[in-house]
Structures are given as C-alpha cells and as structure tokens.
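Following: one structure in structure tokens, then a few remarks.
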Amino acid sequence: MSKPPKHILVIRLSAMGDVAMTVPVLRAFTEQYPDIKITVLTRGFFKPFFRDLENVSVFAADLKDKHKGFFGLLELSKELRTLGIDAVADLHNVLRSKILKIFLLDLKPIQIDKGRAEKKALIKGDIFEQLKTTHQRYRDVFEKLGVPIKNIQPKFPERAILSPKVLDIVGRDNKNWIGIAPFAAHKSKMYPLPLMEQVIEKLSKEHTILLFGGKEDAEYLITLQNDHVHTIAGKLSLDEELDVISNLDLMLSMDSGNAHMAAMMGIRVVTLWGVTHPYAGFYPFYQDANFALLADRSKFPKIPTSIYGNKFPEGYEDCMHTIRPEEIIEKVKQVVKKPH
C-alpha cells in the first residue's frame with residue numbers, strides 16, 4: 001500500500017457555490033488528517049472561505065493576467081511545484097484544470113467524476129431520483145488519493161464578533177437575524193421580486209432582515225430598507241460578510257452561492273428552487289430536506305430543465321410563482337423555532 005500524500009493541491013477555481021461546498025469537506029479532512037497539508041488553488045476573491053481551516057492555505061490563481069491561457073497555466077504549474085505538493089485533487093474537471101494537470105502528470109492527479117451522464121438523464125426525464133451529492137463527489141476524489149474521509153459529525157466555526165463598522169450597517173437589536181439573498185444567476189432560479197418583497201415585509205415585523213447580494217443588486221435592495229430591514233450588498237468585504245452570516249439565525253436563499261456560504265458556516269438555510277432541483281446534487285451541506293421549497297412539478301413536469309438553471313422551455317421561467325409567499329413565511333418561522 002502506497003504512503004498517503006503529505007501535501008495535496010486541491011483545484012476548485014469557481015463558481016462561488018462550488019468553492020463554498022469544498023469547505024465542509026476540507027474541514028472534515030483536516031480533522032482526520034491533521035498532518036497532511038492542503039493548498040487550495042482558487043480565485044483570490046474566495047480566500048476568506050478557508051480562513052478558519054487548520055493546515056489549509058490558498059494559492060490565488062490570476063486567470064485574467066499572469067496565469068491566463070496555455071502559457072499562463074504552464075507558469076502556474078511551475079509556481080505550484082515550488083510548494084512541495086505530492087498529490088493533486090482536481091475538484092473542478094474543466095478544460096483549464098485539465099491543461100494544468102498535463103503539467104503535473106507525474107503527481108498522478110485525480111479528477112472529480114461530475115456524473116455528467118446521470119445528470120443528463122435527469123434533465124431529459126429518463127430518471128427522477130437523488131443523484132450523488134457534490135460533497136460526496138469531492139470526498140470520492142480524496143478516497144482515490146488514498147485518504148478517505150470518514151462520516152463524522154460536522155463541525156462549524158464559532159459566531160464571529162462583529163466590528164463596530166458592521167454593526168452600524170446591520171443594527172444592534174436582539175431579534176432573530178434572517179438573511180435573505182433574493183438573486184441568482186438566472187431568472188428561472190429567482191423567486192419573483194414583487195412576491196419576495198411581500199415575504200420581506202411580513203418577516204420584518206418579527207425579525208431583523210439582512211439583505212445579501214452583489215454590488216449590482218445594491219441599488220434595488222436599498223429601496224427595501226426600513227428600521228428592521230438592512231442591506232449589506234456592496235457595503236462589506238467577503239470576510240465581513242462571512243462574519244455577518246455566522247451570526248444569522250437563518251438564511252433564505254435561492255439555489256445559489258449564498259445558500260452554500262451559509263451552510264458551510266453551519267447556518268440553517270431555507271432554499272427556494274425553480275427550474276433546478278435538489279436531485280442534481282447541489283443541496284446545501286447538512287441541511288434538512290424539509291428546508292427546501294420547490295416549484296410545483298405537477299404544473300411544470302419537465303423540472304429540472306437544466307443543472308444550472310440556464311436552459312428551460314418557454315414559460316418555465318415563471319415556475320416559482322407556484323411557491324406562495326405565505327408558504328415561505330411559514331417555513332422560515334418553523335425553521336427558526338427548531339432547536340439546533
């Protein structure tokens with residue numbers, strides 16, 4: 001039996017949700033293999049995700065400049081070799097990571113099996129069943145490297161102490177904090193904003209609402225602010241945003257990166273699903289299956305229409321109208337009351 005590696009390069013360059021999903025897997029790994037060093041190759045923006053993981057460092061890929069293209073990846077491979085890595089876990093398996101692996105072939109890199117065939121069958125309607133989760137697919141790579149990750153009770157970071165700057169933005173009242181991230185990459189994955197406004201208004205009567213989004217969403221979200229609704233979009237660094245998330249009582253999110261960011265922090269997440277479906281394997285980590293609210297498949301039988309929500313038949317972009325605001329409000333209230 002070959003010796004286990006001493007220093008593993010983990011490749012996961014994007015997207016936000018997929019990178020966030022590596023965190024609980026790596027946390028379990030470092031607990032079980034405290035002497036094995038991990039270097040995560042990802043975009044510099046995601047570095048805060050890994051801030052509390054022991055023996056894990058981040059190597060930021062500059063894919064827009066220094067490490068762009070074939071020769072940029074060649075340069076990147078040379079830089080990575082200076083770190084003393086002796087194994088490669090490719091959790092991305094795209095053209096860029098495949099090219100990079102060519103330069104690291106002597107390290108016998110293991111790449112993730114994304115299950116493309118069964119996902120295609122799910123989309124075509126040939127099957128309708130739970131596929132292997134992304135978290136399990138990540139774990140499979142480590143098992144092939146000879147360092148399997150056992151099933152253990154997950155651990156999560158402590159609530160962060162918020163700075164005065166952050167408290168000035170989110171407020172200081174002692175109501176439950178509900179994070180709401182109303183946006184997603186595609187309209188077909190977004191709950192209709194007029195209906196979401198009703199949800200926000202009703203929930204804000206009993207809870208403090210913190211609105212999450214990108215800088216491009218801030219202008220709209222600011223219009224929803226009141227004494228109990230605060231917008232953090234565009235106001236905080238990712239580090240500060242994670243601090244806030246760690247203090248939430250619940251996150252209400254689409255099938256998007258915010259759901260996975262909250263889940264990796266151990267925060268309960270109520271997710272809303274449109275043309276995508278949890279069966280594809282992207283359900284947030286360690287969340288109760290009952291925390292999901294799905295579009296009515298009896299009215300939209302072709303769901304899931306795609307894995308990422310970018311493809312759908314005409315009319316399916318409105319499928320989330322079948323989730324009533326009252327259902328969401330009731331679900332949030334139920335989950336907030338549940339003991340941890």
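The values are calculated or read from the model by the stated rules, or taken from the named source; none is laboratory data. The structure presented is a predicted model; accordingly, all values stated were derived computationally and were not measured. Don't worry about glycine lacking a Cβ; one is built from the backbone with ideal geometry, like all the others, and counts go over all protein chains shown. Accessible surface is based on the protein model in full, side chains and every heavy atom, while ligands, DNA and RNA are left aside. Shrake-Rupley method; radii C 1.70, N 1.55, O 1.52, S 1.80 Å.
What is segment 18-117's relative contact order, in percent, from Cα pairs under 8 angstrom and six or more apart in sequence?
Relative contact order of segment 18-117: 18 percent.
Rounded to whole Å, give me the distance from the Cα center of segment 158-215 to that of segment 52-83.
About 35 Å separates the Cα centre of segment 158-215 from the one of segment 52-83.
Filter the DSSP H helices in the chain by two things, a Kyte-Doolittle mean of at least -1.0 and an axial alpha-carbon span of 24 angstrom or more, and list the hits by number. Working shown, then result.
On the way: long enough: 16-32 (25 Å, 0.48).
Span-like helices here: 16-32.
Mind checking which lysines have their Cα closer than 22 Å to the Cα of residue 205? Skip sequence neighbours fewer than 8 apart in that chain.
175, 331, 333, 337, 338
Hey, can you rank 88-94, 247-253, 328-334 by average C-beta count inside 10 Å, highest first?
247-253, 88-94, 328-334
Which order, highest average first, do 73-80, 276-283, 188-195, 203-210 follow once you tally other Cβ atoms within 10 Å for each residue and take the mean per peptide? Please report the intermediate quantities before stating the final value.
Details: 73-80: 16.6, 276-283: 22.4, 188-195: 18.2, 203-210: 20.0.
Top to bottom by mean Cβ count within 10 Å: 276-283, 203-210, 188-195, 73-80.
For segment 15-122, with equal point scatterers placed on the C-alpha atoms only and solvent neglected, what are the log10 I(q)/I(0) values from the Debye formula at q = 0.11, 0.12, 0.14, 0.19 1/Å, to two decimals?
Normalising to I(0) and taking log10 leaves -0.37, -0.44, -0.61, -1.11.
Share of antiparallel DSSP beta bridges in the chain, in percent to the nearest 5?
5
Taking 0.36 nm per residue of sequence separation and subtracting the Cα-Cα distance, how much length would be gained by fully extending the chain between residue 193 and residue 289, in nm to one decimal?
Result: 32.1 nm gained on full extension.
Can you pull the percent of the chain's accessible area that's carbon plus sulfur, 1.4 Å probe, other chains left in place?
52
Write down the accessible area per residue of segment 191-259 in Å², having rolled a 1.4 Å probe over the full set of protein chains.
37
With a 10 Å radius around each residue's Cβ, average the other Cβ atoms per peptide and rank 235-242, 176-183, 64-71, 215-222, highest first.
Sorting 235-242, 176-183, 64-71, 215-222 by mean packing, highest first, produces 176-183, 235-242, 215-222, 64-71.
Across every pair of different alpha-carbon atoms, what Kirkwood hydrodynamic radius in Å does segment 131-241 reach? Mind showing how you got there, number by number?
Working: mean 1/r = 0.0596 Å⁻¹.
After inverting the mean inverse Cα-Cα distance, the result is 16.8 Å.
Evaluate the Debye formula for segment 192-340 with equal point scatterers sitting on the alpha carbons, no solvent, and hand back log10 of I(q)/I(0) at q = 0.11, 0.13, 0.19 Å⁻¹, in q order, two decimals.
Normalising to I(0) and taking log10 leaves -0.42, -0.60, -1.31.
Using Cα-Cα distances under 8 Å and only pairs 6 or more residues apart, what relative contact order does segment 231-338 have, in percent?
So the answer I get is 24 percent.
Given the options 109, 284, 157, state which has the largest fluctuation in a GNM of the chain using a 10 Å cut-off (strictly under) for Cα springs.
Sorting by GNM fluctuation, first place goes to 157.
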